[in-house]
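Take a look at the structure set out below.
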Amino acid sequence: QVQLVESGGGLVQAGESLKLSCAASGSIFSIDVMGWYRQAPGEQRDLVASVTSDGSTNYADSVKGRFTISRDNAKNTVYLQMNSLKAEDAGVYYCYARIIRQRNGPQFKYWGQGTRVTVSS
């Protein structure tokens, strides 16, 4: 069993900051990529940012320079620091992780339950 538990969502004013966290737990051998997707009402789920186990990062163009993704491999936790938030950043943020549960086993993508970010202008 693997669980991803997110925290840190909430309501903020435009221009303010928010930090999301996501901790993976359970039967885990290793974690490759961790990251965040965002889903606005009526829209598809889009990738916001991702980070590999060696720290390589990738960002959606819309958040470059404002969001920072990081991870603590010892804690199996990924973070998303969101600065200068805009109304268009609002939505439900879903954490994901590509996890291998045993040595030489297959890699699967797991999802968190989502945390809502609301930005008022």
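What do the square roots of 5 times the Cα gyration tensor eigenvalues come to for the chain, in whole Å, largest first, as semi-axes of the equivalent ellipsoid?
Semi-axes, largest first: 26, 14, 12 Å.
Compute the signed sum of charges (Lys and Arg +1, Asp and Glu -1) over the other residues within less than 13 Å, Cβ to Cβ, of Arg45.
0
Across the range 22-37, in residue order, what do the Karplus-derived ³J(HN,Hα) couplings come to in whole Hz, using 6.51 cos²θ - 1.76 cosθ + 1.60 with θ = phi - 60° and x for Gly and Pro?
8, 10, 9, 8, x, 7, 10, 8, 7, 10, 8, 8, 10, x, 9, 10
For Ile28, list long-range residues whose amide hydrogen, built 1.01 Å from N in the peptide plane, is under 5 Å from its own amide hydrogen.
Hits under the 5 Å cutoff: none.
Could you look at the chain and say what percent of its accessible area is carbon and sulfur, using a 1.4 Å probe and all protein chains?
The value for the chain is 44 percent carbon and sulfur by accessible area.
Over the chain, give the accessible area per residue in Å² for a 1.4 Å probe, as an integer.
53 Å²
Suppose R0 equals 35 Å; then what is the FRET efficiency for Ser62 and Ile100 from their Cβ-Cβ distance, rounded to the nearest 0.05?
Taking R0 as 35 Å, the efficiency between Ser62 and Ile100 is 0.70.
Below 21 Å Cα-Cα, how many Lys pairs turn up in the chain? Only count pairs eight or more apart in sequence, or on different chains, if you could.
For the chain, the number of qualifying lysine pairs is 5.
Please give the charge dipole size of the chain, origin at the Cα centre, charges +1 on K and R Cβ atoms and -1 on D and E Cβ atoms. Round to the nearest 20 debye.
Dipole of the chain, to the nearest 20 debye: 300 debye.
If R₀ is 35 angstrom, what is the calculated FRET efficiency for the pair Gln81 and Ser30, using the beta carbon separation as r and rounding to 0.05?
0.90
Rank these residues by their accessible area, most exposed first, probe 1.4 Å: Glu6, Glu88.
Greatest to least solvent exposure: Glu88, Glu6.
The values are calculated or read from the model by the stated rules, or taken from the named source; none is laboratory data. Keep in mind it's a predicted model, so treat the numbers as computed, not measured. Counting neighbours? That spans all protein chains shown, and the Cβs are built from the backbone with ideal geometry, glycine included. Just the protein is used for accessible areas: all its heavy atoms, side chains included, with ligands, DNA and RNA removed. Shrake-Rupley method; radii C 1.70, N 1.55, O 1.52, S 1.80 Å.
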